[in-house]
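Below: the structure, in structure tokens.
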Amino acid sequence: MKRYFTHFSYFAVLLLLLFACKSAEKSLKKGNFDDSVIRAADKLKSNPGHTASIDILKQAYPLALEQHLNDIKQNKESEDLFRWEAELESYEKLNRLFLVLDQCSSCAKVVDAKRFAQEEKMARHNAANVRYKEAQTLLAIGDRESARKAYEHFEVVNNILPNFNDVRERLDLAYEIASFKVVVEQVLVTSRTYQLSNEYFQERVNEYLQTNKRLNKFVRFYMPEEAANLKIQPDHIIKLQFDDFVVGNTLVEKNTEVVISKDSVKVGEKQVGRSKTPIYDKVTAKFTQNRKTVLSAGLLDMQIMDFKTKRVVTQEKFNGEYNWMCEWAHFNGDERALTAAQLRQCKSQELLPPAPQQLFIEFSKPIYERLTSKLQTYYAKY
């Protein structure tokens, strides 16, 4: 058994090596020289004398080197303002290949891998510098659209070379000019009974708006206190308030009917001579079904106002409702007159409805969904 597993492991490794070799060869034929180099080098790490991988590496690396150097030459001759980024990408790929081959001792005997560390460093600096200057030019224009373009450029700078010059501060400044500022005012309900529930609803709305990546990158929402502290001049003001709501309207329905058993059942006995004979007949019962429905509903008014003109740019109302229901039953008479389903109903009991605060939360859930969906659609264009 031990020998069997040893042979099995040997063939498994052999198959893996063969597959990897074929993959490297396939990549070479497709012109994917980088992938071919990486696969061949990976094979040679585990099997330094693997002839096929050596042959593939001898062909693939010079071709990959030539391909990237040609790309770099073409980029240098390009008039594209951001040509340094393409050059940087080529040097990154070349240095990635160097690292792969440098970590494979047997690969050094096959090819002479070249490193372009200084070239990559220079290309990275130049790429960041060009983007930074373009962003500065746009930022100097001072309007929102230009600031948004500047912000995108500064983001690229920070990705290419983190902390280049004062890019962090520039990002903050560009965003400040680029952002569309919205203050959200939510009117508290006056009832103490529902104050906590209304606060829960408001907190959910505020949390949604603060994580505004779901809306628009450049739309920023503020609470009134926050806007006042930061001395924000908003573009829009959103006012949310419940026009009306009702919680706990109770409707009780009762339905009583006389039910008769489907089949005749034993209802007694009669004496016939010396023996007793059972008496069969259909039986009845008075079956009463009860249903209690507690109705809760509300209507939220949303107004979006332009801060400068004080004009309402859009208004919409969102309704929500929640109906809690409980059913139970009881009977008088012979239970054999009832069906199995009716008997199960009779085992149910009347339950207490949720507390008013919870009912408020429940009917506000669909309002929350409709409101946030509307805001997402509305502010996507800003």
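Here is how the numbers come out for the structure above:
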| read-out | value |
| --- | --- |
| Selected from Leu352, Leu57, Leu88 as most flexible by GNM, with the chain as the system and alpha-carbon contacts under 10 Å | Leu352 |
| Among Phe331, Phe242, Phe164: highest mean-square fluctuation, GNM of the chain, C-alpha pairs under 10 Å | Phe331 |
| Kirkwood-type radius of the stretch 46-114, with distances r between different C-alpha atoms, in Å | 13.2 |
| Rg to Rh, two decimals, where the stretch 14-134 supplies the alpha carbon set and Rh follows Kirkwood | 1.07 |
| Charge sum, other residues only, whose C-beta stays under 14 Å from Val184's C-beta, Lys/Arg counted +1 and Asp/Glu -1 | -2 |
| Taking only Cα atoms of the chain, radius of gyration then Dmax in Å | 38.5, 124 |
| Most mobile of Val187, Val259, Val312 in a GNM of the chain (Cα contacts under 10 Å) | Val259 |
| The stretch 353-382 and the stretch 252-317: distance between their alpha carbon centers, rounded to Å | 30 |
| Relative contact order of the stretch 51-159, defined on C-alpha pairs under 8 angstrom at six or more residues apart (%) | 23 |
| Viscosity 1.306 mPa s, temperature 10 °C, Stokes-Einstein D of the stretch 157-215 from Kirkwood C-alpha radius, µm²/s | 107 |
| Between the stretch 137-189 and the stretch 49-104, the Cα center-to-center distance that results, in Å | 36 |
| Probe 1.4 Å, all protein chains present, accessible-area order of Ile54, Ile260, Ile279, largest first | Ile260, Ile279, Ile54 |
| Links that overshoot a 26 Å alpha carbon limit, given the list Lys133/Lys217; Lys217/Lys239; Lys276/Lys347 | Lys276/Lys347 |
| Solvent-accessible area of Met305 with every protein chain in place, 1.4 Å probe, in Å² to the nearest 10 | 50 |
| Of all accessible heavy-atom area on the chain, the percent that carbon and sulfur account for (1.4 Å) | 51 |
| Computed log₁₀ I(q)/I(0) - Debye formula, equal Cα scatterers, no solvent, the stretch 85-184, q 0.18 Å⁻¹ | -0.81 |
| Directionally averaged shadow of the stretch 229-284, computed from the convex hull of its alpha-carbon atoms, nm² | 11.2 |
| Accessible surface ranking that places the most exposed of Asp34, Asp80 first, with a 1.4 angstrom probe | Asp80, Asp34 |
| Farthest positive-ward along the chain dipole, Cα basis, beta-carbon charges - from Pro356, Ile56, Gln210 | Ile56 |
| Residue pairs, from the table Lys43/Lys76; Lys181/Lys310; Lys43/Lys93; Lys45/Lys76, whose Cα atoms sit over 26 Å apart | Lys43/Lys76; Lys45/Lys76 |
| Theoretical ellipticity at 222 nm over the chain - DSSP helices of four or more residues, -39500 (n - 2.57) apiece, nearest 500 | -17500 deg cm²/dmol |
| Inter-label distance, nm, simple model (7 Å from Cα along the C-beta direction), Glu203/Gln342 | 5.0 |
| Helix 117-141 axis, angle to the chain major axis (alpha carbon atoms, nearest 10°) | 60 |
| Local electrostatic count, Trp328, Cβ distance below 15 Å [Lys/Arg +1, Asp/Glu -1] | +2 |
| Accessible area expressed per residue, the stretch 85-191, with surrounding protein chains retained (probe 1.4 Å, Å²) | 52 |
| Shape box of the stretch 265-382 [Cα atoms, principal axes, largest first, Å] | 106, 26, 15 |
| Förster-model FRET efficiency, 41 Å R0, Lys381 and Val246, C-beta, rounded to 0.05 | 0.70 |
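The values are calculated or read from the model by the stated rules, or taken from the named source; none is laboratory data. Because the structure is predicted, anything quoted here is derived from the model rather than measured. All Cβ positions, even for glycine, are placed from backbone atoms using ideal geometry, and neighbour counts span all protein chains on display. Quick note on the areas: whole protein, heavy atoms, side chains included, nothing else; ligands and nucleic acids left out. Shrake-Rupley method; radii C 1.70, N 1.55, O 1.52, S 1.80 Å.
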